[in-house]
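> There's a structure below that I have some questions on.
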Amino acid sequence: MAATPTRDRVKPEQINTTPLRRPEWIKVRAPSGETYQQLHQLMRVKELHTVCEEAMCPNMGECWGSGTATFLMLGDVCTRSCVFCDIKHGKPGPLDWLEPERVAQAVKSMKLKHAVITSVNRDERRDGGAPIFAMVIRRIRELHRGCSIEVLIPDFKGSLEALKIVMEARPEILNHNVETVPRLFKQIQPQDNYAWAAATLSNAKKLDPEVLTKSGIMVGLGEEIDEVKAVMRDQRAWGVDILTIGQYLQPSKKHYPISRYYTLEEFKELKEYGLSIGFKWVESASLVRSSYHAGEQVRALSAVHRKLYGETGV
């Protein structure tokens with residue numbers, strides 16, 4: 001019998017009963033508007049999940065309105081239990097092999113300019129669900145010409161074979177988030193491994209140098225800013241092209257507490273540092289998340305997209 005999925009992440013003694021006061025520069029607006037309501041209804045009709053909703057992304061209204069959405073595939077139950085994440089964890093059900101078709105049809109119906117495909121971890125499978133990623137990339141290309149595709153993949157436990165399955169479908173962007181600094185890895189994401197993240201990103205660039213690689217870091221979990229810069233240097237050594245840096249926001253009191261809020265000046269410092277060491281694009285601000293301005297990144301940087309669709313992408 002499958003374990004009951006749960007969202008509990010933090011031991012009782014770690015629960016933050018006196019949360020930090022949110023700074024005035026962090027203002028999260030509830031998504032609204034006719035376009036948002038139409039897309040929300042479409043997701044329910046097609047029985048799809050978006051990480052925009054599951055992870056309560058603060059930019060959901062802005063991104064959906066500009067033609068970008070992030071789909072959550074391989075079910076909505078994760079085999080890992082990262083303490084920052086609001087997605088349920090436990091024993092997932094079987095893969096839905098019709099899911100790529102439904103996602104591709106939704107991308108077409110939404111008339112998206114840029115689709116981000118991510119997933120829960122499926123560690124019970126040797127391939128980690130990689131074939132589903134490849135299927136949805138190819139089907140979106142068949143149904144909705146001109147839509148750029150970014151895949152935000154798990155680490156597949158560092159498996160080169162699983163990564164090859166995804167890379168052979170040639171997404172415009174291959175994204176894997178490191179999330180935090182090595183010192184905090186086992187505390188924040190206990191089933192993950194920094195070496196797996198390194199293998200995923202460096203091997204992706206080796207397999208296809210034209211595919212943009214991307215990664216993300218959360219700050220405010222207890223790391224020092226010099227540790228963040230050290231991870232940034234690692235990512236550049238792995239060939240990462242695009243970096244996102246955002247403030248960790250505690251989804252609930254049951255999740256890992258916020259250590260501190262970074263200032264606007266610190267986010268600016270990290271962006272300038274990232275560009276100075278060779279990243280092609282850096283998004284660094286309080287509410288930045290993985291898909292933020294992702295469509296703009298593709299159209300400015302992607303050789304794959306230009307080859308497929310020309311300079312305009314249409």
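The values are calculated or read from the model by the stated rules, or taken from the named source; none is laboratory data. None of the values given here were measured: they were computed from a predicted structure. All Cβ positions, glycine included, derive from the backbone under ideal geometry; neighbour counts span all protein chains shown.
> Going through region 192-213 one residue at a time, which ones are surrounded by fewer than 18 Cβ atoms within 10 Å (Cβ to Cβ) and in a loop (DSSP other than H, G, I, E, B)?
ASN193, ASP208, PRO209, GLU210
> If you don't mind, another one. Residue under question is GLU150, and the condition is that it be touching a helix residue (DSSP H, G or I) at 6+ places or on another chain (Cβ under 7 Å), of a type in the set (Asp, Glu), within 25 Å of GLU296 (Cβ to Cβ) and buried (at least 22 other Cβ atoms within 10 Å of the Cβ); does it hold?
The answer is yes for GLU150.
> Determine whether ILE245 is hydrophobic (A, V, I, L, M, F, W, C), farther than 17 Å from ASP86 by Cα and not in a helix (DSSP H, G or I).
When the stated conditions are applied, ILE245 passes them.
> Scan region 90-109 and report the pairs whose first residue is on the phi > 0 side of the Ramachandran plot and whose second residue is small (Gly, Ala, Ser) and surrounded by fewer than 17 Cβ atoms within 10 Å (Cβ to Cβ), with Cβ atoms within less than 9 Å and a gap of 6+ or a chain change.
GLY90/ALA2; GLY90/ALA3
> Additional query: Name the residues in region 170-189 that are on the phi < 0 side of the Ramachandran plot, in contact (Cβ under 8 Å) with a residue 24 or more places away in the chain and within 18 Å of the chain's Cα centre (by Cα), would you?
Once the filter is applied, which keeps residues that are on the phi < 0 side of the Ramachandran plot, in contact (Cβ under 8 Å) with a residue 24 or more places away in the chain and within 18 Å of the chain's Cα centre (by Cα), region 170-189 yields PRO171, GLU172, ILE173, LEU174, ASN175, HIS176, ASN177, VAL178, THR180, VAL181, ILE188, GLN189.
> In addition: Out of all the residues in region 145-158, is one or more in a strand (DSSP E or B), under 22 Å from CYS82 (Cβ atoms) and of a type outside the set (D, E, K, R)?
Yes: region 145-158 contains one or more residues that are in a strand (DSSP E or B), under 22 Å from CYS82 (Cβ atoms) and of a type outside the set (D, E, K, R).
> Now a separate question. Could you list, in sequence order, the residues of region 269-298 that are part of a helix (DSSP H, G or I) and in contact with a strand residue (DSSP E or B) (Cβ under 7 Å, 6 or more places away or on another chain)?
Residues satisfying the conditions are LEU270, LYS271, GLY274, LEU275, ALA294, GLY295, GLN297, VAL298.
> Sticking with this one: If I filter region 118-135 for residues that are closer than 30 Å to LEU184 by Cβ, of a type in the set (Lys, Arg), crowded, with 22+ Cβ neighbours inside 10 Å and at pLDDT 95 or above, do I get at least one hit?
yes
> Taking region 91-130 on its own, how many of its residues are more than 22 Å from GLU296 (Cα to Cα) and either among the aromatic types (Phe, Trp, Tyr) or in contact with a Cys (Cβ under 8 Å, 6 or more places away or on another chain) (or both)?
So the answer is 4.
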